[in-house]
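The values are calculated or read from the model by the stated rules, or taken from the named source; none is laboratory data. Source: prediction; values computed, not measured. Cβ sites come from the backbone with ideal geometry, for glycine too, and all protein chains shown count toward neighbours. Accessible surface areas use protein heavy atoms only, side chains included; no ligands, DNA or RNA. Shrake-Rupley method; radii C 1.70, N 1.55, O 1.52, S 1.80 Å.
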Amino acid sequence: MALKAVVCKRIMDDVIGATVKKKKCYRALVVDQLSMRMISACIRMHDLAEYGVTLVEDIEKKRERLGMEAIYLIQPSEKSVNHVIDDFKEPCYAQYKAAHIFFTETCPDELFSKLCKAHVHQYIRTLKEINVAFMPYERQIFSLDTPESFNIYFNPHRANNRSAMIERMAEQIATLCSSLGEYPSVRYRSGHGPCERNLECAQMIQTKLDKYKADDPTMGEGPEKHQSQLILVDRGFDPVSPLLHELTYQAMAYDLLPIENDVYRYEGTSAGGQDVQDKEVLLDENDDMWVSLRHCHIANVSQTVTRKLKEFAEEKKMAGPPGNKDKTSMKDLSQMLKRMPQYQKDLRKYSTQLKLAEDCMKSFQDGVDKLCKVEQDLAMGTDADGEKIKDQMRNIVPILLDGKISAYDKLRIILLYIIGKNGISEENLHKLIQHAQIPEPERPTVTNMKMLGVNIIYDPRAPSQKNIQRKERITEQTYQLSRWTPVIKDLIEDACIDKLDKKLYPYLKGSANTASYGSSGQPRSARYGYWHKEKGQMDQRSGPRLIVFIIGGVSYSEMRTAYEISEMKSAPYNKWEVLIGSTHIITPEGFLSDLRDINNS
């Protein structure tokens, strides 16, 4: 079952549906930032309306008094609990008639006690923990929606805040496993520097999982579920992937275009083709065409859209794009809209993808193509022919001296060069910064990378961070500007065939895979395992899951690998369902901003 479906079912059944006794009883849904994003990701307003929810309100904003009951779906934080208490502080001016409170995860005893002692307790009709504290971003991708955790985890001056942040993160990850019915073996990236904190995180996750397992002994039961794993890594395990210009559609669009909160805004023509209008579209999994294209190489996108458009035209017996062109232009599509206005809604999805692809290619041809070649050579250490590059400096200097290239793109080049060299001298770093004319406020971006365990200033005494052996993947079909493969793909493939280095990624002692728990891999008897569960709860994927969690952000190129491996037909990969999650989703610009601001408390 896809992540969005799991969260949708939990919220609709255990929160919304659980409070509805009368069909004509209208209610308000009050949410905080995380629960708002959870609901936006997987539930539509008309679904809520069917259950009598007529209004969704932000708990942090001032709201009008309403003569209806309220459903609160919030995190068990001091801030949220105080807001609930304030809503019912004045008996004569209570915000709502009654309160049904649902916490996303376990509520600390002190907050529970505070709530019960306040005047609001007279209005509480429901008080429950639903244990869903993550955002299902895509079918196989989840986020904890905590971008601030990057600073707390990697900033050495914020050690005092780190334990609380780790516990909160562990609780959120445990709610994911609980929602999926998984009790995975826990592994973590070992090593020096930030890696040393990964053990603490892994142990905290195991503690939280054990508590959920005690409450629900059936967690982790089922055929081959004993093989399920949760692998914890920090952003330093692959600092290269978030820096590269990616040429697959989704990653490229989010890197080069101003897409905010998954909304793409562009100028398009009206239905009659006369007026220019500002348009916007949500890039999410409700758009089948976006889903089918998002992981394609940009070179194939326009051709694929044109082919699909011709197929649509033939199906509807309407005139397709003019001529036998491989690619359709926005002008061609505009002509089709004029001829067939009744298909406006269907044709709009084609125009959206064509415009998005055109905008990507416009940026690519405006200098990104030159950057891609240099970046790929730096990342791979070899040229397109596979020859080792002896002098990378010769390739990067023209980029750094080019006044038309932004400081932001130059920073990407400088960091890739330094990572490939495993550190450079302070003198050479100063020269690179000077040649590139990097503004003073942006310069810490480079040196702050060391906080991720990456060598920036070369030190022969510094312990080198070991990583897994990279696989040779380049074939005749490989695009020259897309030779790099994210490290996470090698990691996942190795884990699926039980070849992931157990020294670099050890199992936590006492974790399920190192014990005899469930080792037979046989289906549990319904008599002992599932007798008390409803049939619908059992109807889930029965094979093992591999969950990879990245502390410090996951890039769109890394997200793609979850689908690539899950779609593999050969054994043993075809039995695995791969999920990738992180503290937050990052673009290259977002990653550089996180690095720049890492010293800000």
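If D594 meets every condition in (1) free of Cβ contacts under 8 Å to residues at least 60 places away in the same chain; (2) within 27 Å of E171 (Cβ to Cβ) apart from one, which number is that one? If we test D594 against (1) free of Cβ contacts under 8 Å to residues at least 60 places away in the same chain; (2) within 27 Å of E171 (Cβ to Cβ), just (1) comes out false.
Taken over segment 172-189, the residue count meeting the criterion of being open to solvent by 10 Å² or more (accessible area, probe 1.4 Å) and either touching a Ser or Thr at 6+ places or on another chain (Cβ under 8 Å) or at positive phi (or both) is 2.
Just for segment 289-318: of the residues that are within 22 Å of Q250 (Cβ to Cβ) and charged (D, E, K, R), which one is surrounded by the most Cβ atoms within 10 Å (Cβ to Cβ)? The extreme case among them is R294. Only one of the numbered conditions (1) open to solvent by less than 30 Å² (accessible area, probe 1.4 Å); (2) at pLDDT below 80 is not met by V548, and that is (2).
Among residues of segment 390-403 that are closer than 13 Å to K373 by Cβ and β-branched (V, I, T), those with a Cβ under 8 angstrom from a residue that is open to solvent by 50 Å² or more (accessible area, probe 1.4 Å) and part of a helix (DSSP H, G or I), sequence gap 6+ or separate chain, pair up as I399/K370.
Residues of segment 144-164 that are surrounded by 18 or more Cβ atoms within 10 Å (Cβ to Cβ) and farther than 23 Å from A41 by Cβ: N151, I152, Y153, F154, N155, R162. Take the conditions closer than 16 Å to V120 by Cα and touching a Pro at 6+ places or on another chain (Cβ under 9 Å) and apply them to P91. Does it pass? Criteria not met by P91.
Every test in (1) among the polar types (S, T, N, Q); (2) buried (at least 24 other Cβ atoms within 10 Å of the Cβ); (3) at pLDDT below 95 is passed by S241 save one, and that test is (3). For segment 190-210, a residue qualifies if it is open to solvent by 10 Å² or more (accessible area, probe 1.4 Å) and either in contact with a strand residue (DSSP E or B) (Cβ under 7 Å, 6 or more places away or on another chain) or touching a residue at least 60 places away in the same chain (Cβ under 8 Å) (or both), and the qualifying residues are S190, G191, H192, G193, L199, Q203, Q206.
Segment 307-412 holds helices (runs of 4 or more DSSP H) entirely within its bounds, and those carrying 1 or more residues that are acidic (D, E) and at pLDDT below 70 map to 330-339. Within segment 461-490, track down each residue that is more than 18 Å from Y249 (Cβ to Cβ) and in contact with a strand residue (DSSP E or B) (Cβ under 7 Å, 6 or more places away or on another chain). Result: I488, single match. When Q75 is tested against (1) in contact (Cβ under 8 Å) with a residue 40 or more places away in the chain; (2) polar (S, T, N, Q); (3) more than 30 Å from R545 (Cβ to Cβ), just one condition goes unmet, and that condition is (3). Restricted to helices (runs of 4 or more DSSP H) entirely inside segment 1-74, those with at least 3 residues that are in contact with a Ser or Thr (Cβ under 9 Å, 6 or more places away or on another chain) and under 17 Å from F102 (Cβ atoms) are 3-11, 33-42.
Looking at the structure I just gave you, is Y408 within 23 Å of D366 (Cα to Cα) and touching a residue at least 60 places away in the same chain (Cβ under 8 Å)? Yes: the conditions hold for Y408.
Pick out the one residue from K466, K509 that is within 24 Å of G386 (Cα to Cα) and surrounded by fewer than 19 Cβ atoms within 10 Å (Cβ to Cβ).
Unique residue meeting the criteria: K466.
Does A18 satisfy the condition of being farther than 23 Å from E64 by Cβ and open to solvent by 50 Å² or more (accessible area, probe 1.4 Å)?
Judged against the criteria, A18 is a match.
Criterion first (surrounded by fewer than 22 Cβ atoms within 10 Å (Cβ to Cβ) and within 26 Å of I585 (Cα to Cα)) does K97 satisfy it? It is false that K97 is surrounded by fewer than 22 Cβ atoms within 10 Å (Cβ to Cβ) and within 26 Å of I585 (Cα to Cα).
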